[in-house]
Each structure stands twice: as structure tokens, then as C-alpha cells.
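Peer 1: My questions will all concern the structure given below.
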Amino acid sequence: MKTKRFGVSMDDRLLGKLDSIVKQKGYPNRSEAIRDLIRSALVEEEWNDAAEEVIGVLVIVFDHHRRELSSRLLSREHDRPGDIMATLHLHLDHTNCLEAKIIRGKAREVRRIADELIAMKGVKFGRLIPATAGKNLR
């Protein structure tokens, strides 16, 4: 793939904000920061396209003493194999666990699964992080 150069005009204030992002995140240059911003926009488009298959990372924190919650979470994975591709389980303390679940499918279905798990009684926190299978990114 050939790299092309192009110019971008922006006012000093906006350029200053871009430079702050470059410095804060440790980008080697403005170009790499702009490429990442464009990739983020492309991932957002994937999630808005009903036909695209996406990947999401669901992070939940829950009370593992909550009656049958762990088994209900595990049952959900076994009921529909393939939707939830992997789970990382961490014991945060005597009571709390964190799970990161990798969910693959159409965006609407991934959101539905995430919402279902987040809404389970005993889940204290949940957030779905949109990701991508990478097919449309370079």
C-alpha cells in the first residue's frame, strides 16, 4: 500500500489541541494521531452498519457471592457458543470479580448480549467497548 501525503488546514487552537493529544498519548507525530482518529471513526461506522460483523469487549464487575450470578453468566456463554468467544476472569478481592468478555457478531446482537449481561442482578458495573475485526482498517 502506497502512502500519500496531503495538507490539512486548521486554526491554531484546534492544532494546539491536536498537538496536546500527540504529546499526551506519545504519538511520534501528528500523522499517526490523525490516522488513529480516522480508524476510530471507521470502527464507529462499522458499529452503525447493520450488516457488519463487529467485536466488542464487555467489561463487568460483579459480586461473586450474589446467588447464582456466576452460573447464570457461564450459562449464557454455553447457551449460544460463538457469541462470547472468550472470557478473562479476575478476582479483585474477596467479594468482587471482573470479567472481560470478547463478543463477536452483528452490532445489534453484540449490544443485546452486553445489555443482557450488564442488567443481571449482582452486576455492579458494565461497559461495552466497541472494537473491530480489523477487515476495514489498514
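Peer 1: Could you pull out the residue among R80, R66 that is farther than 16 Å from G122 by Cβ, modelled with pLDDT under 85 and surrounded by 11 or more Cβ atoms within 10 Å (Cβ to Cβ)?
Peer 2: Of the residues listed, the single one that is farther than 16 Å from G122 by Cβ, modelled with pLDDT under 85 and surrounded by 11 or more Cβ atoms within 10 Å (Cβ to Cβ) is R80.
Peer 1: If I ask for residues that are in contact (Cβ under 8 Å) with a residue 60 or more places away in the chain and under 16 Å from the mean Cα position of the chain (by Cα), which ones from the range 112-134 would you list?
Peer 2: I118, F125, G126, R127, L128, I129, P130, A131, T132, A133
Peer 1: Right, another one. Would you call A86 small (G, A, S) and either under 28 Å from L37 (Cβ atoms) or at pLDDT 95 or above (or both)?
Peer 2: no
Peer 1: Let me ask you something else. Kindly establish whether R72 is over 30 Å from D36 (Cβ atoms) and outside the structural domain of R39 (by TED's automatic domain parsing).
Peer 2: Yes: the conditions hold for R72.
Peer 1: Look through K101, K124 and report the one residue that is over 30 Å from L18 (Cβ atoms) and out of contact with any Leu (no Cβ under 9 Å at 6 or more places or on another chain).
Peer 2: The unique qualifying residue is K124.
Peer 1: Turning to a different aspect of this structure: Do you know which residues across the range 1-13 are more than 17 Å from R35 (Cβ to Cβ) and surrounded by 10 or more Cβ atoms within 10 Å (Cβ to Cβ)?
Peer 2: none
Peer 1: Which pairs turn up if I take residues in the range 85-111 that are surrounded by fewer than 13 Cβ atoms within 10 Å (Cβ to Cβ) and look for partners that are in a strand (DSSP E or B) with beta carbon separation below 6 Å, at least 6 apart in sequence or on another chain?
Peer 2: Correct list of pairs: A86/I102; L88/A100; L90/L98; H91/C97; L92/L98; T95/D63.
Peer 1: Can you find a residue in the range 17-27 that is of a type in the set (G, A, S) and either under 17 Å from D115 (Cα atoms) or within 16 Å of the chain's Cα centre (by Cα) (or both)? It would help to see each step written out before you state the result.
Peer 2: Filtering the range 17-27 down to residues of a type in the set (G, A, S) leaves 20, 26.
Pick out the ones that are also either under 17 Å from D115 (Cα atoms) or within 16 Å of the chain's Cα centre (by Cα) (or both) and you get none.
Scanning the range 17-27 turns up no residue that is of a type in the set (G, A, S) and either under 17 Å from D115 (Cα atoms) or within 16 Å of the chain's Cα centre (by Cα) (or both).
The values are calculated or read from the model by the stated rules, or taken from the named source; none is laboratory data. Keep in mind it's a predicted model, so treat the numbers as computed, not measured. Quick reminder, even Gly has a Cβ in these numbers, built from the backbone with ideal geometry, and neighbours come from all protein chains shown.
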